[in-house]
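Structure first, then comments.
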Amino acid sequence: MSTIERLADRCLLPGFIGTNPPDWILRRAAAGLGGVCLYARNVESPPQLAALTARLHAENPRLVIAIDEEGGDVTRLEAATGSSYPGNLALGTVDDVDLTRSVARSMGAELAAAGVDLDLAPDADVNSNPINPVIGVRAFGSTADRVAAHTAAWITGLQEAGVAACAKHFPGHGDTSIDSHLDLPVVDQDPHEGALEPFRAAITAGARAVMSAHIVVRAIDTVPATISQKIMTGFLRGELGFDGLAVSEMRAIADGVGLVEGTVLALAAGCDLLCIGGGLAGEDVAIELRDAIAAAVKGGRISEARLMEAAARVDALAGWRSSQSAHVTPDRAIGLAAARRAISADGRVRVDGQPVVVQLTSTPSQAAGVVPWGITTPLLQLGAHVTAIELHAEHADVDAIVGQAAGRSLVLVVKNLHRHRWMALAVDAALARRPDAIVVEMGLPACRPAGASAYVATYGAARVCGVAAAEVLMARSVN
């Protein structure tokens, strides 16, 4: 392998399938691969994950092992059960930066114990558009000052545990109405009007990495941020003075300019570590991208100095991680305590001992993936005899459900009601027949139904948010 190819490999962050690393990952790690990105498919249990990362680091101690662990709705460590920590909106709602820092520190302690080097979090977006389909509860709020304060606190807490933080999605994905995993959003607002403030705070707090957004920001450039030199070099490096690791997620851009061309353009624009994406998990893709980068350097499209700079930033993050000696103990109790503080309830929100719980379910975002959520399990754990019903758009038989709940408490559990017309219609129809029904919103509480006299908002769908909601419904007091 040539020097250029080795440098190109250092800038790649591929994934793989399974709970054990395949031979090609081990081989390339030993040869100097930049890192690997882990997903829920790679995680079975804490001991298994620790053994996996130890095996990877045994091949190369400077391999950067990354994971996307935001807490709340986006969890890889606890994808099978739901997160023990509430997400950003719940923390922003409580608005206690010390609590946010403590939650992130505990999450960081779990990641450090698992052998993770880089957490692709927090989300530093200002959720200024309530119909945003991909940010929502992942943001600390809808105002720049609150998001900035909690972004800084979260980064400080995580990095106190010795794990590098990555603020995303630069220069701000909050003012969009399209999921960038599925299409290319265009932002008309100038980031200087608020979206940049959390990233400034992240940099001031010492964030080791920043992730680009797959959006077009018309005020700055006509191409997506990930491949915009104006944004990733002129804006991030020049105006904001960030000299850490710039990470890009390449899956989103593959449908535009293509994966190979997008990789070359992202590196040329100023991105350093290129996350190949969850669905692209083979060695053939990693080889193709390495060879494309090497060819771009040999052909003059990327300077060798730019490639060396990118690889050096990967080295710098690995060096920072290896220098960390923090021994922080995880405290999952802080997660439930935070969820309890975030919850709000209005009206008669107590249930009897045999409630009918109807969960109205929509397709999850690609960012969150399929993770259990709701209040049925925690209600059962608290001793309720629950009749659980899951309702989908194509099977919304409200009359049958209301009939089944006759003489019993009826609870309607939703997530982001304001973004799903079928869900809103079903809830309205149920409330017309049962005005005493309790609505539990586990997403962004942007639209309380007019007929909802009893309403609970959890500000996220983490497992602990469901527990906190169940405690409220069962009138359980907590210390």
- Message: With the cut-off at 1.5 for a/c, could you classify the stretch 325-479 from its C-alpha gyration tensor as rounded, prolate or oblate?
- Response: prolate
- Item | Rounded, prolate or oblate (a/c below 1.5 giving rounded, otherwise prolate when a/b exceeds b/c) for the stretch 270-335 by Cα gyration tensor | oblate
- Order by protection proxy (mean Cβ within 10 Å, highest first), peptides 191-204, 158-171: 158-171, 191-204
- Under a plain spin-label model, where a point goes 7 Å from the Cα along Cα-to-Cβ, how far apart in nm are residue 399 and residue 305? 7.5 nm
- Note on the structure: Mean Cβ-within-10 Å packing, highest first, puts peptides 28-35, 12-19, 378-385 in the order 28-35, 12-19, 378-385
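Using 1/(1 + (r/R0)^6) with R0 = 51 angstrom and r between the beta carbons of residue 219 and residue 385, what's the FRET efficiency to the nearest 0.05?
Details: r = 56 Å, r/R0 = 1.11.
E(calc), rounded to 0.05, equals 0.35.
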- With the contact rule set at Cα under 8 Å and sequence spacing of 6 or more, what percent relative contact order holds for the chain? 17 percent
- Give the cross-link partners of residue 168 among the lysines, using a straight C-alpha distance below 28 Å as the criterion and excluding same-chain residues fewer than 8 apart. 230, 415
- In terms of modelled amide H atoms, which long-range or inter-chain residues lie less than 5 Å from the amide H of residue 217? 187, 225
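If the only charges are +1 at each Lys and Arg Cβ and -1 at each Asp and Glu Cβ, what is the size of the charge dipole of the stretch 336-401 around the Cα centre, to the nearest 20 debye? Each step should come with its number before you reach the end.
Values: 4 positive and 6 negative charges, 100 e Å.
Magnitude of the dipole: close to 480 debye.
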- Determine ³J(HN,Hα), in whole Hz, for all residues of the stretch 439-444 in sequence, where each value follows from phi through the Karplus function 6.51 cos²θ - 1.76 cosθ + 1.60 and θ = phi - 60°; x replaces Gly and Pro. 9, 10, 9, 10, x, 7
- Query: Around residue 281, which amide H atoms from residues at least 5 apart in sequence, or from another chain, sit under 5 Å from its own amide H, with H modelled in the peptide plane?
  - Reply: none
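Dipole of the stretch 53-167, Cα-centred, from +1 at each Lys and Arg C-beta and -1 at each Asp and Glu C-beta, to the nearest 20 debye? Write out the running numbers ahead of the final one.
Values: 7 positive and 16 negative charges, 32 e Å.
Charge dipole, the stretch 53-167, about its Cα centre: 160 debye, nearest 20.
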- Message: Show me the trypsin sites (Lys or Arg not before Pro) within the stretch 213-265 that DSSP assigns to loop and that have at most 14 other Cβ atoms within 10 Å of their Cβ.
- Response: 218
- Message: From the mean inverse distance of alpha carbon pairs (Kirkwood) and the Cα radius of gyration, derive Rg over Rh for the chain.
- Response: 0.99
- Give the accessible area for residue 45 in Å² (nearest 10); use a 1.4 Å probe, count only protein heavy atoms, and leave out ligands, DNA and RNA. 40 Å²
- Query: For the stretch 194-310, what is the relative contact order in percent, using Cα pairs closer than 8 Å and at least 6 residues apart in sequence?
  - Reply: 22 percent
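The values are calculated or read from the model by the stated rules, or taken from the named source; none is laboratory data. All figures in this text were calculated on a predicted structure; none of them were measured in a lab. Cβ sites come from the backbone with ideal geometry, for glycine too, and all protein chains shown count toward neighbours. Side chains included, ligands, DNA and RNA excluded: accessible areas come from the protein's heavy atoms. Shrake-Rupley method; radii C 1.70, N 1.55, O 1.52, S 1.80 Å.
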